[in-house]
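Participant: Provided herewith is a single structure, encoded as C-alpha cells, for subsequent inquiry.
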Amino acid sequence: MSKKKQPTYKELQKRISELERIIENQQKKGLQKPDDYYKHLFQNANLDFAINEIIYDKDNNPIDIRILDVNPSFEESTGLQSEEIIGKKVSELFPNTEQYWIDIFSKVVQTGKSATYENYSQALNRYFELKVFPAYKDKFAFLSSDVTEKRIAIKKMEESKIHFELLFELNPDAVIIIKLSDFTITNVNNGFCQLLGFQKKEVIGLTSQQLNIWESSNARNEILDQLHKYGYCCNYEAKFRCKSGDVIIGMISAKIIDINDVKHILVVSRDITLKNKFETALKENEKLLKTSQKIAGLGSYKFNIKTGYWKSSEILDSIFGISSSYDKSIDGWAKIIHPDWRETMIDYLLNEVIGKNQKFNKEYKVIRQNDLREIWVHGMGELQYDKNGNLHYMSGTIMDITNRKRNEIIIQNQNTELKKLNTTKDLLFSIIAHDLRSPFNILINSNDLLIDYLTNENIDEAIKWSSIINKTTHQTFDLLENLLEWFKVESGQLRPTISVNDLKSIVNEITSLLSENASIKNIKINNQIIDSCVIHLDKNFIKTVFRNLINNAIKFTPDNGTISISHKKHKTEFEIIISDTGIGIHEEKLSTLFEYNLAKTTNGTSNEKGSGLGLNLCKVLIELQGGKIWAESKINEGSSFHFTIPITS
C-alpha cells in the first residue's frame, strides 16, 4: 500500500474547518441524507472520515462501535474496502481496540461536545489526530489526520538532549553546572579549566566561594537575585580570579535547569578581557563596538535579497541562539520566528517592506535555537540598491528587548489589577449606598416607634416593632457577611483552602442556624445527605453557599412548604441539590440569575428583602473551587439549585 501524500498544515486546517462546518450543518438536519456538497467533501477529502454508531449492552453500557460509512481516504489508510468495513463492529475489524476508546467516543455522544484526541495505530505504525463530532442519536463522526511526522520531530528533539554532554565539553566558553540547593559545582568543561587554570578534580564538590574565584561577592549576589526572580540571567559582566591570581572579565549567562529532577544552575561564561592593549585604533573601536552591542543586546545583519541569504554578527547569533554554521536563509529566519508571529513577519517583509519599499521596523517574538527560550526582539533595517537601481541588500540591527517587554507586561497587569480594584471599590460603595441605607432607616424608625410604645406602655405594638427590628437586623447582618466575603474574593484577598469535610454535618450546622426563619413559615427542611459523605472543599465557602441558597429557599417558599438538600456522586464530581416547593422562577430570569444587579432583587413570599448579591457570591465561591452552579425551576412548582464540587484524591 503506497503512502498517501500528506496535505500541508494550512491545507489540513482549511479542510478540517470546512468539514467541521458541513458536519455541524448535517448534525442539525441528520446525517442520513447528506447533501451533494457534503458527499463531495466526504468522498474527496484527503482526510480519513468515518461515521459510526455506539453499541450498548442491556445495562446501557457502551461495549462496541459499528462503522456506518467511510470515505476513500479511510479505506486507503486502513487497507480495507468499504464493503469490508460498513456495518461491521470495530471488535470484528480491530480486535485489539482498547475499551477506553469506546468510552471516549461514547462520552462525545452523551455530552454532545466535540473533542480531539491522538491515537497510535499499531497495525499501521502511524500516529493519528482524531477530531470527534457528535451526530444524531447514538452516532458520531470523526476526522483523522496523520501526525506521525510531528511525533518523529518531537522524538528527534528529545534525542538531541543526548548530545548535550558532547556539546558541553566542546564549548570553548567556560561552562559550569552548579547544584542549586547547596551551590556545589557538579561539573565543568574544558573551557572552564583553560580559562581559570583549575583541573576538574580541584573544583567538583566545592563552591565558587570556597574556590575564591569571585572578585566581587556583589556580582554573584546580583546574578543569584536574577535567577531567583526570572529563572535565568543573560549577559552579566563580572570579574573572576584565576588559580594563578590573575583577574579576568567574563560575560555570564545562567539558567536554572532540571537534571534528573534536581534543580541546577547552568552557567556559561565567556572571557571578554582585552588581551592586547596595543591593538590598532580600528581594532580597539571594533572591540568597543562589539562590547557595547553585547551589553545592549544589539546584533547586526545584512540580507542579500538576490540570493535569499543573510549574514549576522556574533551578537545577533547569540541573540538568536545560533552558530555561525546555521542555515542563514529565509527559511532559517522563519524557523527562528515564534510560530504565532511567523506568518505575520513573512508577510510584513515581502509585502510591506520589499513590496512597498519601506524601512523594516518591527517588534516580534523569536525562539532561541540553542535553548528554545522565547524572547522579544526589535528589528530595524533599510533597503539598499545597486548602481543600476536594482534592489540588492537590506541591512540593519536586531535588539533583544525581552526585559523591556517583560516590564511592560508587568505594568499592564498592574494597571489591569488597579482598574479591577477601583471597579470593585465603586461597586462596593454602590451596594452600601443602595442596600444598607434602607434597612438602617427601618432600624432607626422602628427603634423610635419602639421607644414611644414602651413609654406609653403599649406592649402589643412594642412587641410588633421589636420583631421588625430583630428581623431587619438579621437580614442586614446576612447582607454584611455576603458583602465582606464578596469584596475579599473580588479584591483577591480570599482564596479557597481545600480540606476533607463531612457534608452532612455542614448542612446540619447551616439548617440549625436558619431553623428559626423556617419555623416562622412552618417550612420543613430535609437533610437527605447520607452519613459520612466525605468531600474535599473549602468549608467556609460552602457554608456561605448553603446559607444563601437555603435562606433563599425559605424566602421564596410559602408557609407549610418543604426544602430538601440531597447529593449525587458522579465520576469526577459531587452534585449538591437544594430544592423547594416555592413559587418558582420565570424562565427568562434563569439565564441572569447569578449576575449581580442592584435593580433585580425580588421580595419573598412574606415580603422578605434581598440584595441580589447572594447568588452572585455563590457562583464566585463555587467556581473558585472548580465547580459550577445552575438553577432549574417551574412557576408554582418550586425550584432546585444545583452546584458541583470536583472529586479530589
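Participant: Ordered by packing density, taken as the mean number of other Cβ atoms within 10 Å over each peptide's residues, highest first, how do 583-594, 408-419, 391-402 rank?
Facilitator: For the peptides 583-594, 408-419, 391-402, the packing ranking is 391-402, 583-594, 408-419.
Participant: Based solely on C-alpha atoms, express the radius of gyration and the Dmax of region 60-107 in angstrom.
Facilitator: 11.3, 34
Participant: I would also like to ask the following. Compactness ratio of region 523-571: Cα Rg over 2.2 N^0.38 Å, N = residue count?
Facilitator: Here the answer is 1.30, to two decimals.
Participant: On to the next question. May I ask you to list the aspartates and glutamates whose Cα is less than 16 Å away from that of Lys243, ignoring any residue fewer than eight positions away on the same chain?
Facilitator: Glu202, Glu215, Asp271
Participant: Now for a different question. From the cross-link list Lys58/Lys524; Lys365/Lys387; Lys139/Lys571, which pairs have alpha carbons spaced over 32 Å apart?
Facilitator: Lys58/Lys524; Lys365/Lys387
Participant: Now, a different point. Starting from 0.36 nm per residue, how many nanometres of slack lie between Lys356 and Ser216 once their C-alpha separation is accounted for?
Facilitator: Taking Lys356 through Ser216 to full extension adds about 45.1 nm, to one decimal.
Participant: Using only the Cα atoms of region 178-276, each taken as one equal point scatterer with no solvent, compute I(q) by the Debye sum, divide by I(0), and report log10 of the ratio at q = 0.11, 0.13, 0.18, 0.21 Å⁻¹.
Facilitator: So the normalised log intensities work out to -0.30, -0.43, -0.85, -1.19.
Participant: Thr572 to Lys88: extension gain in nm, 0.36 nm per residue of separation minus the Cα-Cα distance? All intermediate terms of the calculation are to be shown ahead of the outcome.
Facilitator: Numbers: separation 484, 0.36 × 484 = 174.24 nm, distance 3.30 nm.
So the chain would gain 170.9 nm between Thr572 and Lys88.
Participant: Quick check on region 69-184: what are the equivalent-ellipsoid semi-axes from the Cα gyration tensor, as sqrt(5λ), descending, whole Å?
Facilitator: Equivalent ellipsoid of region 69-184: 45, 19, 12 Å, largest first.
Participant: Counting only protein heavy atoms, what percent of the accessible surface of region 120-260 is carbon or sulfur at a 1.4 Å probe?
Facilitator: So the carbon and sulfur contribution to the accessible surface is 51 percent.
Participant: Name the aspartates and glutamates eligible as straight-distance cross-link partners of Lys521: C-alpha to C-alpha under 17 Å, and not fewer than 8 places from it in the same chain.
Facilitator: Asp559, Asp580, Glu608
Participant: Could you tell me the ratio Rg/Rh of region 111-239? Both radii from Cα atoms, Rh via Kirkwood.
Facilitator: 1.29
Participant: Right, here's the next one. Could I get the Rg over Rh figure for region 177-225? Both from C-alpha atoms, Rh via Kirkwood, rounded to two places.
Facilitator: Radius of gyration relative to Kirkwood radius: 0.95.
Participant: Same structure, new question: Using the charge dipole of region 357-423 (Lys, Arg: +1 at Cβ; Asp, Glu: -1 at Cβ; taken about the Cα centre), state which of Gly396, Ile367, Ile410 has its Cα farthest towards the positive end.
Facilitator: The one lying farthest along the dipole's positive direction is Ile410.
The values are calculated or read from the model by the stated rules, or taken from the named source; none is laboratory data. As the structure is a computational prediction, the values presented were derived from the model and not from experiment. As a convention, Cβ positions derive from the backbone with ideal geometry for all residues, glycine included, and neighbour counts pool all protein chains shown. Note: areas computed on protein heavy atoms with side chains; ligands, DNA, RNA excluded. Shrake-Rupley method; radii C 1.70, N 1.55, O 1.52, S 1.80 Å.
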